[in-house]
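Trainee: Please read through the structure below; I'll follow up with questions.
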Amino acid sequence: MQLPPTVTPRAFERLAEIGAADQGQALRVAVEGGGCSGFQYEIALDAPKDDDLVLEGSGQKVVVDAISLPFLSNAVIDFSEELIGARFVIENPNATSSCGCGTSFSM
């Protein structure tokens, strides 16, 4: 059963800190072919489109296009701050393996 991805409060808070909604932007999470493991995540600020799944919280939006949605079923979109840097991360139960870069995975 395909469930939509979820977004953590920490990810929505980070979007609010950078003022994404104030600029009419949402965090777009997409899956594209490529990367060192077969698929890769594309994460960027973008305007929502009519056919996007829109996830909302804290006045902010995260959007996923219809093609990427099956690859992100039941995934968790989070924001991580570590010594090596801060970034949005995807915890994807559909990925069978991932690359050290954290943006590439296989299914």
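Trainee: When you check VAL63 against the structure, is it touching a Pro at 6+ places or on another chain (Cβ under 8 Å), touching a residue at least 60 places away in the same chain (Cβ under 8 Å) and under 20 Å from ASN94 (Cα atoms), yes or no?
Mentor: So VAL63 fails the test.
Trainee: Look through the stretch 18-70, keep the residues that are within 14 Å of VAL7 (Cβ to Cβ) and among the polar types (S, T, N, Q), and return whichever of them is surrounded by the fewest Cβ atoms within 10 Å (Cβ to Cβ).
Mentor: Out of the qualifying residues, it is SER58.
Trainee: On to the next question. Among the residues of the stretch 30-75, what is the count of those that are assigned to a helix (DSSP H, G or I) and more than 19 Å from PRO9 (Cβ to Cβ)? Step through it out loud before you land on a result.
Mentor: Residues of the stretch 30-75 that are assigned to a helix (DSSP H, G or I), as a first pass: 69-72.
If we keep only those that are more than 19 Å from PRO9 (Cβ to Cβ) too, we end up with 69-71.
The total comes to 3.
Trainee: Another question, if that's okay. What residue, of GLY19, GLY57, is more than 24 Å from THR96 (Cα to Cα) and touching a helix residue (DSSP H, G or I) at 6+ places or on another chain (Cβ under 8 Å)?
Mentor: Values: GLY19 fails: touching a helix residue (DSSP H, G or I) at 6+ places or on another chain (Cβ under 8 Å).
Residue meeting the stated conditions: GLY57.
Trainee: Please pick out the residue among LYS61, LYS49 that is in contact with a Leu (Cβ under 9 Å, 6 or more places away or on another chain) and not aromatic (Phe, Trp, Tyr). First the steps, then the outcome.
Mentor: Numbers: LYS49 fails: in contact with a Leu (Cβ under 9 Å, 6 or more places away or on another chain).
None of the other options fit; the residue is LYS61.
Trainee: Within the stretch 71-100, restricting attention to residues that are under 16 Å from the mean Cα position of the chain (by Cα), loosely packed, with under 14 Cβ neighbours inside 10 Å and more than 19 Å from ARG28 (Cβ to Cβ), which residue is modelled with the lowest pLDDT?
Mentor: That would be PRO93.
Trainee: Give the stretch 19-65 a look and list any residue that's under 11 Å from the mean Cα position of the chain (by Cα) and of a type in the set (Gly, Ala, Ser), or say none.
Mentor: Answer for the stretch 19-65, where residues must be under 11 Å from the mean Cα position of the chain (by Cα) and of a type in the set (Gly, Ala, Ser): ALA26, ALA30, ALA44.
Trainee: Can you name every residue in the stretch 54-72 that is closer than 16 Å to GLU42 by Cα and among the polar types (S, T, N, Q)?
Mentor: SER68
Trainee: Restricting to the stretch 1-29, name every residue that is more than 15 Å from ILE77 (Cα to Cα) and charged (D, E, K, R).
Mentor: GLU17, ASP22
The values are calculated or read from the model by the stated rules, or taken from the named source; none is laboratory data. Since we're looking at a predicted model, the values are computed, not measured. Neighbour counts run over all protein chains shown; Cβ positions are idealised from the backbone, glycine included.
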